[in-house]
Amino acid sequence: MRAYDLILKKRNGQELTKFEIESLINGYMSGNVTDYQMAAFLMAVFFKGMTPAETSELTTAIVNSGEIVDLSGITGRKIDKHSTGGVGDKTTLVLGPLVAAAGVPVAKMSGRGLGHTGGTIDKLDSIKGFNTSLSKEEFIANVNKIKIAIGGQTGNLAPADKKLYALRDVTATVDSLPLIASSIMSKKIAAGADAIVLDVKAGSGAFMKTVNDAVELAKAMVQIGSLVGRETAAVITDMDQPLGNAVGNSMEVTEAINCLKGNGPDDLTELCLTLGSHMVFLGDKAGSPEEARSLLEKILQDGQGLEKLRQLVENQGGDVRFIDEPELMPKADQIVDVKASDNGYVKRIEAEQIGLAAMTLGAGRETKESEIDLSAGIVLTKKIGDKVTAGDTIAVMHTNNREKIAAANQMITEAFVITQEKTDSPKLILGLVTKDKVEVF
Ligand code: URA
């Protein structure tokens, strides 16, 4: 089969078969299909789209390009969660323990981050001794023992996605709905869970700028899940400001612990309860998402979620004193306020810009080789809807690099959009897509 014919077929808007899609992906991985041919194919997909059947075949071909994690040694229905990206997103650290305490096995493989702040694995380095390098056997045994384990990603999952993504990045084909949907779902399916809950962000800081676009992406991913036998639910959430107040590794762990103590920011708590309720429902531990939510609220209130985090830390060799005394986490030596220059109300906080400021202060990696400063980051003291007077502290910077303070200060100031008209704090949960329904709130 010639790549040329498949490019032509897609360019003319015809539907490709399972065999044709498999040949293209396998050929690309073996070197028989060149980068320029694949680039032309991706551009044809960008303009002509893909049918649900094609999108699901593409996803399966990407999954089959690498290893598929076998979690069958874990008892119970394993539910994974994925977020399409967010600044200040520490939900895994809150959700994992809550959902595990409800009896759903949480087998979480996470990565180290490239970008604004570290990934979940970097964040967990803030807890002294916490070991995320688990063998497959330890990982499975830990989940069976206490219902939760968080380990670094091992194995070669969905290598075709890495190769395709790198090509999309330089050929203006990243923002194609079937390509995003297959990219995200291939990695989740290869990671081995039985069902998947997605947090699809909409807003200025997200891939999908509008709720409608986010719903369309969610529909495509839920449909792939149905077609490959992994039930999927997607919650559409607002991303017009960072999630919670903390952006930076050790600060985010502290905020997650506070959340499990019942003292978390409202948006973080609400998001974790909402995503968690769908995980618990899909994990067959409640008859409906509403019942699951009541269960999780109780688990949060009576401290079972915090207790589960303590077990997780202990089981993976971490120092449990960090749970009771988060002040033990790494601390920066420079702590500097950012002041508002105008009076008014916070209308928006450009999440991307706050993320870049956190990275400037040392919280993230610009390249794979960069070292993360776990203590660096930003704590927002004002969020959308808050009234500010010139001179009020809107955020606090933490860093060990004095030279970066002025630049980060300017980025944070610019990220805050302050207007004269009163603004309400935004609705966080904007929609829900499941195999049975699509709701926009
Ligand atoms: N995240 C992914 O993993 N893939 C995409 O294509 C876009 C966002």
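Taking into account only those residues within region 229-238 that are of a type outside the set (Gly, Ala, Ser) and buried (at least 22 other Cβ atoms within 10 Å of the Cβ), which is farthest from Cys272 (Cα to Cα)?
Step one: of region 229-238, the residues of a type outside the set (Gly, Ala, Ser) are 230-232, 235-238.
Now drop any that are not buried (at least 22 other Cβ atoms within 10 Å of the Cβ), which leaves 232, 235-238.
Details: Thr232: 17, Val235: 11, Ile236: 13, Thr237: 11, Asp238: 14 Å.
It comes out as Thr232.
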- request: Look at region 141-158 and say how many of its residues are modelled with pLDDT under 95 and either open to solvent by 20 Å² or more (accessible area, probe 1.4 Å) or in the same structural domain as Glu371 (by TED's automatic domain parsing) (or both).
  value: 5
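Just to be sure I understand, how many residues within region 49-64 are in a loop (DSSP other than H, G, I, E, B) and buried (at least 19 other Cβ atoms within 10 Å of the Cβ)? First the steps, then the outcome.
Restricting attention to region 49-64, the residues satisfying the condition of being in a loop (DSSP other than H, G, I, E, B) are 49-51, 64.
With buried (at least 19 other Cβ atoms within 10 Å of the Cβ) added as a condition, the list becomes 50.
Qualifying residue count, region 49-64: 1.
Could you tell me which of the residues Ser176, Ser226, Ser186 is touching a residue at least 60 places away in the same chain (Cβ under 8 Å) and open to solvent by 10 Å² or more (accessible area, probe 1.4 Å)?
Of the residues listed, the single one that is touching a residue at least 60 places away in the same chain (Cβ under 8 Å) and open to solvent by 10 Å² or more (accessible area, probe 1.4 Å) is Ser226.
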statement: Checked against (1) more than 16 Å from Lys81 (Cα to Cα); (2) open to solvent by 60 Å² or more (accessible area, probe 1.4 Å), Phe281 satisfies every condition except (1)
message: Checking Ile335 against (1) hydrophobic (A, V, I, L, M, F, W, C); (2) over 30 Å from Phe207 (Cβ atoms); (3) surrounded by 14 or more Cβ atoms within 10 Å (Cβ to Cβ), only one condition comes out false. Which one?
response: (3)
query: Looking only at residues in region 163-180 that are within 8 Å of the ligand (Cβ to nearest atom) and assigned to a helix (DSSP H, G or I), which one is farthest from Ile224 (Cα to Cα)?
result: Arg168
message: Condition (residue is within 11 Å of the ligand (Cβ to nearest atom), part of a strand (DSSP E or B) and among the charged types (D, E, K, R)) applied to region 199-216: is it met by at least one residue?
response: yes
- line: Screening Lys404, Lys422, Lys427, Lys437 for residues that are touching a strand residue (DSSP E or B) at 6+ places or on another chain (Cβ under 6 Å) and open to solvent by 70 Å² or more (accessible area, probe 1.4 Å) leaves only Lys422
Output for region 65-86, where each listed residue is among the basic types (Lys, Arg), within 16 Å of the ligand (Cβ to nearest atom) and open to solvent by 20 Å² or more (accessible area, probe 1.4 Å): none
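Could you tell me which of the residues Lys163, Lys147 is in contact (Cβ under 8 Å) with a residue 60 or more places away in the chain and either at positive phi or touching a His at 6+ places or on another chain (Cβ under 6 Å) (or both)?
Answer to the check: Lys147.
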- prompt: Got at least one residue in region 30-43 being surrounded by fewer than 18 Cβ atoms within 10 Å (Cβ to Cβ), closer than 16 Å to Asn64 by Cα and either in contact with a helix residue (DSSP H, G or I) (Cβ under 6 Å, 6 or more places away or on another chain) or modelled with pLDDT of 95 or more (or both)?
  reply: yes
message: When you check Ser133 against the structure, is it hydroxyl-bearing (Ser, Thr, Tyr) and either under 28 Å from Ile372 (Cα atoms) or open to solvent by less than 20 Å² (accessible area, probe 1.4 Å) (or both), yes or no?
response: yes
- prompt: Listed residues Ser204, Ser250; which is over 17 Å from the mean Cα position of the chain (by Cα) and either open to solvent by 50 Å² or more (accessible area, probe 1.4 Å) or in the same structural domain as His278 (by TED's automatic domain parsing) (or both)?
  reply: Ser250
- line: Residues of region 351-372 being without any contact (Cβ under 8 Å) to a residue 60 or more places away in the chain, crowded, with 18+ Cβ neighbours inside 10 Å and under 23 Å from Lys128 (Cβ atoms), in sequence order, are Gly362
message: Looking at region 322-350, I want the residues that are at positive phi and have a partner that is open to solvent by less than 10 Å² (accessible area, probe 1.4 Å) with Cβ atoms under 7 Å, at least 6 apart or on another chain. Which pairs are those?
response: Gly344/Val388
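The values are calculated or read from the model by the stated rules, or taken from the named source; none is laboratory data. Predicted model only: the values in this text are computed from it and were never measured. Cβ sites come from the backbone with ideal geometry, for glycine too, and all protein chains shown count toward neighbours. Just so you know, the surface numbers come from the protein's heavy atoms only, side chains and all, with ligands and any DNA or RNA stripped out. Shrake-Rupley method; radii C 1.70, N 1.55, O 1.52, S 1.80 Å.
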